[in-house]
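> Before we start, here is the structure in question, set down as structure tokens.
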Amino acid sequence: MQGYRWGEQPDDPNVIKLNTNELPFDPSPQVTQALRNFDPSILRVYPQPTADALRDQLAEHFELRRNNFIVTNGGDEALRLALTTFVEPGTTFAMTSPSYSLYPVLAQIQNANITEIPLGDDWLHPHDLAEQLNDAEAQLTCVVNPHAPSGQLTSAQDIEQLARTLEGVLLIDEAYVNFVDPQLMYNLVPLVNDLDNVLILRTFSKGYALAGLRLGYLIGHPALITPMVEKTRDSYNMDALSQIIGAAAFADHTYAQTLWQAVREARTQLTDGLRQLGFALFDSQTNFLLARIPGNAKLNAQQLYLALKDNGILVRYFDAPRLTDKLRITVGTTAQNQTLIEQLQELLT
Ligand SMILES: *Cc1c(COP(=O)(O)O)cnc(C)c1O
């Protein structure tokens, strides 16, 4: 099998890093404070095994209960846990395609059959997605919304319809949900009160500028959450430090909202700039853009990726079906986006 291919993490701090969808802003000052106040003697004993303080904090925020949450070592552990818990080896895991390239890796480790349902020409769900998934007898289906790598949002109504029609478990990967325009009123969380086949994945890596911490969680009906908390989870999957820092970051909701708004504004700026250069873009509700290289460009996507890298700007190029004519570009600061636009202008004219 082929392992997951992660984005480059250069040592040089001067590189403009627009390749792995990290935020270009620091985490909350409350995180700094929590680290300053951290008492290392806490590390002598095992952490609270099920991260209950953080689960209670999440429960209060989302108006749910502790047993609607499991906290994990990054969203990626949540994906692995859902797969190992709900997909028997030899049964079917399903995903739309293209999508997050970690899904098929985790499914292969579990010896699952993988059904990949191609997205339409518009990169949206085919209208008969639920039927296709039920025909494939998918035990677990992952859909990422807003979508990676297109950035597009499928409406809450459409996802709810999918969940209600599916016979298997639906995991909605909402890694980028914090960047959705609030006016769209997208919110699937209340669905977990109603449906016992829905899991919603969230992460601190993107929205809270904490990719280095490794903290994520799943929201779901206790029928799905409890087996993971009590049976399939690693004995101490959440270290004490992450539990404390995560709580501090999550409590500073005001700061988080300023981060998300700054990303949205920078996203508009970058979208406009790239469109003016002739790139074709989806409307993104995430902190990245999937940009198709202008038809008349002197360089193809891979050459453009390499030329930018030579100039100290990292973006993501995927040598994968439907992606070889595109670059995935993380939204940076206003200044970083401006530098990128200027460099692209030079490289393309
Ligand atoms: C970033 C990301 C995740 C989770 O990342 P973690 O850093 O492990 O929390 C999950 N799904 C998608 C599509 C992502 O981009």
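> What single numbered condition from (1) under 22 Å from residue 207 (Cα atoms); (2) not in a strand (DSSP E or B) fails to hold for residue 71?
It fails just one condition, (2).
> From the list 3, 7, which one is small (Gly, Ala, Ser), within 25 Å of the chain's Cα centre (by Cα) and surrounded by 14 or more Cβ atoms within 10 Å (Cβ to Cβ)?
Only one candidate passes the filter, namely 7.
> Could you pull out the residue among 168, 246 that is over 20 Å from the mean Cα position of the chain (by Cα) and either at pLDDT below 95 or not charged (D, E, K, R) (or both)?
168
> Moving to a separate point now. Which of (1) of a type in the set (A, V, I, L, M, F, W, C); (2) touching a helix residue (DSSP H, G or I) at 6+ places or on another chain (Cβ under 7 Å); (3) surrounded by 19 or more Cβ atoms within 10 Å (Cβ to Cβ) is the odd one out, the single condition residue 211 does not satisfy?
Against the list (1) of a type in the set (A, V, I, L, M, F, W, C); (2) touching a helix residue (DSSP H, G or I) at 6+ places or on another chain (Cβ under 7 Å); (3) surrounded by 19 or more Cβ atoms within 10 Å (Cβ to Cβ), residue 211 comes up short only on (3).
> Filter segment 77-105 for residues that are in a helix (DSSP H, G or I) and either of a type in the set (Gly, Ala, Ser) or within 11 Å of the ligand (Cβ to nearest atom) (or both) and give the result.
Passing the criteria: 77, 78, 79, 80, 82, 102, 103.
The values are calculated or read from the model by the stated rules, or taken from the named source; none is laboratory data. Model, not experiment: these values are computed from the prediction. Positions of Cβ are generated from backbone atoms using ideal geometry, with glycine treated the same way; all protein chains shown enter the neighbour counts.
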